[in-house]
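This report concerns only the one structure given below.
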Amino acid sequence: RALVTPYGPWNRLELRAETGSTNEDVATAARTGEPEGLVIVAERQTAGRGRRGRVWQSPARAGLATSVLLRPGEADAHHGWEPAPPSRYGWLPLLAGVALVEAVSQLTELEAALKWPNDLLIGGAKCGGILAEALPAADPGQPPAIVLGIGLNVTLRADELPSNPTGLPATSLRLAGAPVTDRDPLLRALLRALAAWYGRWRAVDGDAEACGLRDVYLDSCDTISRQVRVLLPTGVDLIGEATSVDPDGQLVVRSADGEHRVAAGDILHLR
Ligand code: BTN
């Protein structure tokens, strides 16, 4: 069934039958001054992007491929929001992960968890992911806009799933056992949860601790207390236990030689 119902506090929602990448489409709109709140949803992507340069498969009408435009560095007089400091933007992909877990938990009986930073796991297999991209402002002194892209495998069949470049097996909600047929309620729940968390986060200038985001994130994150292996930008191959996520959204890893902080781009794979 095709997607029909736009939802939201989002100020503009575009549904596209087919596009290259909804992240690219939102970025293009952002470059011409589109305000915060644009949502683009595609039935199918022909060049869907994943993290770390990977491809994201979006076969027709089998998943959710959604991107939203955020401008957290701009004041919002209507909501009474001050600009959030760019050092806190690292929480936005984690915030989207939390919203995705909430949407899946509302509409299915499945137990969804996050692998840090924001892979959506069901039964240890990857069912969704988030790609956050920062778009530099035209004026170099200004903070970037953020494109948050969310992909969820809803009814994909086993033969439509990607072979596992992340080292994780892949799944879809249906393959994991949820009798879902309609993606509209999932899209509505996702956009609603995303708006609610973004509003809470903006209301406290992006302080993830103060708005409760960090606690909720840690509750749904199954990386904590596990052994992880991370290749740091310095070339160091770090093996240790993930103990927490710090106030900037970085993973805290305790290894034999002390504590390390890992930014979202650095992680190779978890064990
Ligand atoms: C990942 O886990 O690697 C992130 C996947 C993100 C996929 C979504 S689908 C909607 C948006 N448009 C894209 O091209 N990518 C994101």
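What's the long-distance tail for the range 142-271, i.e. % of Cα pairs beyond 21 Å? Cα-Cα pairs in the range 142-271 separated by more than 21 Å: 58 percent.
This ranking places Glu82, Glu36, Glu109 by how few other beta-carbon atoms lie within 10 Å of each, fewest first, which gives Glu109, Glu82, Glu36.
If you plug the beta carbon distance of Leu110 and Ala138 into 1/(1 + (r/R0)^6) with R0 = 41 Å, you get a FRET efficiency near 0.45. Close amide H partners of Leu13, meaning residues 5 or more places away or on another chain with modelled amide H under 5 Å apart, are Val39. Applying the criteria of a DSSP loop state and at most 15 other Cβ atoms within 10 Å to the trypsin sites (Lys or Arg not before Pro) of the range 19-96 yields Arg54, Arg61.
Rg then Dmax, both in Å and based on the Cα atoms of the range 85-174: 15.2, 47.
Restricting the chymotrypsin sites (Phe, Trp or Tyr not before Pro) of the range 1-102 to loop positions (DSSP other than H, G, I, E, B) with no more than 12 neighbouring Cβ atoms within 10 Å leaves nothing.
Using a Debye calculation, one point per C-alpha and no hydration shell, please list log10 I(q)/I(0) for the range 227-270 at q = 0.18, 0.31 Å⁻¹ in order. The calculated log intensity ratios at q = 0.18, 0.31 Å⁻¹ are -0.42, -1.26. Here the sum of -39500 (n - 2.57) over DSSP H runs of 4 or more residues, divided by the residues of the chain, equals -6500 deg cm²/dmol at 222 nm, to the nearest 500.
If you take every DSSP beta bridge fully contained in the chain, what fraction is antiparallel? Give it as a percent rounded to 5.
So the antiparallel bridges in the chain amount to around 85 percent.
Got the relative contact order for the chain handy, in percent, Cα pairs under 8 Å and 6 or more residues apart? Display every interim value, and only then the final one.
Values: 576 pairs, mean separation 47.8, N = 271.
Worked out over the chain, it gives 18 percent.
Shape summary: the chain maps onto an equivalent ellipsoid whose semi-axes, from the alpha-carbon gyration tensor, are 26, 25, 17 Å in decreasing order.
Quick note: the coordinates plus some simple rules give every number you see, no bench work behind them. Keep in mind it's a predicted model, so treat the numbers as computed, not measured. Please note: Cβ atoms are built from the backbone with ideal geometry, for glycine as well, and neighbour counts cover all protein chains shown.
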